[in-house]
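For reference, the structure discussed in these notes is given below.
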Amino acid sequence: MEKKVINLALAGFGTVGTGLARIIQENEDWIERRINKKLVIKKILVRDLTRIRSFIPGPEAVFTDKVEDILADRDIDIVVELMGGLDTALRLIQKSLENGMHVVTANKALLAEKGNELFSLAHERHLGLYYEGSVAGGIPIVQTLKNSLAGNRITSLTGILNGTANFILSEMTSRGQDFAAALNTAKELGYAEADPTLDIEGLDAAHKLIILIRLAHGADYPLSVLPVQGISGVKRTDVALAAEFGYVLKLIAQVREKSGHLQAGVFPALLPMDHILAKVDGPFNSILLKGNAVGPIMLYGQGAGDLPTGSAVLADIMALARDKARIDNTGFRERALPKAHILEPDLAVSRHYFRMTALDKPGVLSAVSGVMGEHNISIAQAVQKPGPEGRDVPIVFLTHRAPLKAVLQALRVIDEFNFITGPTVHYRILK
């Protein structure tokens, strides 16, 4: 007789773990109608057993601070890893799979670093390793790429994948705040961690992009070679100037396929105000992708939080409970995905924004324009902003499409001029 109860172990009972437990309790009847099984939280792994909990899942749940209590319980069907971090989470997932337990995780950093070997182990044991909650919170991008768009070649994927960074840039745009003030606002509202480094330096978005590359392209793109630039250096001046020219500054995660090679990275970029991603404000996430059959598709929603991420985790649990015989971890049949063929990041072609700070003297524009011409960079627009006589002035250039390599070479030459008084600010412009 088919088992009517699915026993869960939650490793971690913070924001997402508590949110998941609430959803399971509140939607119990609805879940049983969907999968014809009852989900029971049997064990909960926590760091501090003495801490008072705002929510207790039910009388069946036993709290423990020992990983071994989960690994030794052969009645557990699915281990739900929500603790984060690398070492302990890696050991828990490996041992759970070796012990015959399916795993659901929201650990994007671990999957970005160790995903290929963990998926290989899950494939070998014919077990599920599901991870919808690891990317973009409640947005169902993982299942969309694995199933709904499985017959498409994904030619491009561009996303706003970090709500903290997007909130900060939105505040800088709409309220004219500088970076530090916008970050403080994000912390006050709970959108930023006490240590926001992973978010503002682009690393969180990079982890998510690595996972999406595997799903969209069936290839393992090493995190160590992914170009990543965050937003901690973004100035209010450039946000305001971008708006004057009709652009919005966003932290973008992008992968594009070019003749069988992948070009990927995380970087701040200017988007035209009528671009669909330019309208994604506050802590929200969005992903714009293009399939060779389906064309463009956009997904939008809350990228973090207890209930949105808990909803994504629950979807994975239900998928495994419904059909544990049909495992689909990566969307591809290989035991381990092949290494990606990577196109050098410097070969990316786009339009560009430069802001230079220069002495207000004759010949500056012609000298800078000459260097750009030598590197085959065509200028679309050049504006010198007025300033006090004899003082430094900002000069803004917008270019036509040019390779990133040529742009970086030109900027190195320009920044050596004695009339350039500070490093040139440079952002790509996406159409």
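The values are calculated or read from the model by the stated rules, or taken from the named source; none is laboratory data. Remember, it's a predicted structure, so these values are computed and weren't measured experimentally. Cβ sites come from the backbone with ideal geometry, for glycine too, and all protein chains shown count toward neighbours.
Given the criteria in contact (Cβ under 8 Å) with a residue 60 or more places away in the chain and either within 22 Å of LEU129 (Cα to Cα) or among the aliphatic types (A, V, I, L, M) (or both), does ASP328 qualify? Spelling it out, ASP328 is indeed in contact (Cβ under 8 Å) with a residue 60 or more places away in the chain and either within 22 Å of LEU129 (Cα to Cα) or among the aliphatic types (A, V, I, L, M) (or both). Residue by residue through segment 353-381, note down the ones that are within 20 Å of ASN418 (Cβ to Cβ), among the hydroxyl-bearing types (Ser, Thr, Tyr) and surrounded by 14 or more Cβ atoms within 10 Å (Cβ to Cβ). The answer is THR357, SER369.
The number of residues in segment 143-168 that are among the aliphatic types (A, V, I, L, M) and surrounded by fewer than 23 Cβ atoms within 10 Å (Cβ to Cβ) comes to 3.
Only one of the numbered conditions (1) touching a residue at least 12 places away in the same chain (Cβ under 8 Å); (2) farther than 17 Å from ALA136 by Cβ is violated by ASP281, and that is (2).
Taken over segment 92-137, the residue count meeting the criterion of being in a loop (DSSP other than H, G, I, E, B), surrounded by fewer than 21 Cβ atoms within 10 Å (Cβ to Cβ) and touching a Leu at 6+ places or on another chain (Cβ under 8 Å) is 2.
For segment 228-248, indicate whether the set of residues that are in contact with a helix residue (DSSP H, G or I) (Cβ under 8 Å, 6 or more places away or on another chain), farther than 18 Å from TYR353 by Cβ and either hydrophobic (A, V, I, L, M, F, W, C) or assigned by TED's automatic domain parsing to the domain that holds LYS114 (or both) is non-empty. Checked segment 228-248: at least one residue is in contact with a helix residue (DSSP H, G or I) (Cβ under 8 Å, 6 or more places away or on another chain), farther than 18 Å from TYR353 by Cβ and either hydrophobic (A, V, I, L, M, F, W, C) or assigned by TED's automatic domain parsing to the domain that holds LYS114 (or both).
Being farther than 21 Å from TYR221 by Cβ, of a type in the set (Gly, Ala, Ser) and touching a residue at least 40 places away in the same chain (Cβ under 8 Å), is that true of even one residue in segment 260-277? No: segment 260-277 contains no residue that is farther than 21 Å from TYR221 by Cβ, of a type in the set (Gly, Ala, Ser) and touching a residue at least 40 places away in the same chain (Cβ under 8 Å). Looking across segment 296-342, the residues that are surrounded by 15 or more Cβ atoms within 10 Å (Cβ to Cβ) and among the acidic types (Asp, Glu) come down to ASP306, ASP316, ASP328. Number of residues in segment 316-370 that are under 30 Å from TRP30 (Cβ atoms) and assigned to a loop (DSSP other than H, G, I, E, B): the value is 9.
Taking the conditions (1) free of Cβ contacts under 8 Å to residues at least 24 places away in the same chain; (2) out of contact with any Ser or Thr (no Cβ under 7 Å at 6 or more places or on another chain) in turn, MET298 satisfies each one other than (2).
Which members of segment 253-288 meet the condition of being under 25 Å from LEU404 (Cα atoms) and within 14 Å of the chain's Cα centre (by Cα)? Once the filter is applied, which keeps residues that are under 25 Å from LEU404 (Cα atoms) and within 14 Å of the chain's Cα centre (by Cα), segment 253-288 yields ALA253, GLN254, VAL255, ALA264, GLY265, VAL266, PHE267, PRO268, ILE287, LEU288. It is to be established whether one or more residues within segment 64-79 are assigned to a loop (DSSP other than H, G, I, E, B), more than 21 Å from ASN7 (Cα to Cα) and under 30 Å from the mean Cα position of the chain (by Cα). No, there is no match, as no residue in segment 64-79 is assigned to a loop (DSSP other than H, G, I, E, B), more than 21 Å from ASN7 (Cα to Cα) and under 30 Å from the mean Cα position of the chain (by Cα). Just one residue in the set THR173, THR158, THR185, THR237 is farther than 30 Å from ILE342 by Cα and either touching a Leu at 6+ places or on another chain (Cβ under 8 Å) or of a type in the set (D, E, K, R) (or both); that residue is THR173. A single member of LEU49, LEU39, LEU8, LEU82 is aliphatic (A, V, I, L, M) and farther than 18 Å from LEU320 by Cβ, and it is LEU49. Is it the case that VAL46 is under 30 Å from the mean Cα position of the chain (by Cα), touching a residue at least 12 places away in the same chain (Cβ under 8 Å) and surrounded by 19 or more Cβ atoms within 10 Å (Cβ to Cβ)? Against the criterion (under 30 Å from the mean Cα position of the chain (by Cα), touching a residue at least 12 places away in the same chain (Cβ under 8 Å) and surrounded by 19 or more Cβ atoms within 10 Å (Cβ to Cβ)), VAL46 does not qualify. Among all residues of segment 337-348, there is none that is under 15 Å from ARG428 (Cα atoms), charged (D, E, K, R) and at pLDDT 95 or above. When you check ARG34 against the structure, is it assigned to a helix (DSSP H, G or I) and either under 25 Å from GLN302 (Cα atoms) or under 31 Å from the mean Cα position of the chain (by Cα) (or both), yes or no? So ARG34 fits the description; yes. Residues in segment 382-403: is at least one surrounded by 16 or more Cβ atoms within 10 Å (Cβ to Cβ) and part of a helix (DSSP H, G or I)? Among the residues of segment 382-403, not one is surrounded by 16 or more Cβ atoms within 10 Å (Cβ to Cβ) and part of a helix (DSSP H, G or I), which makes the answer no. One residue stands out in segment 92-142 among those that are in contact with a Lys or Arg (Cβ under 6 Å, 6 or more places away or on another chain) and hydrophobic (A, V, I, L, M, F, W, C): the one that is nearest to LEU71 (Cα to Cα), namely LEU97.
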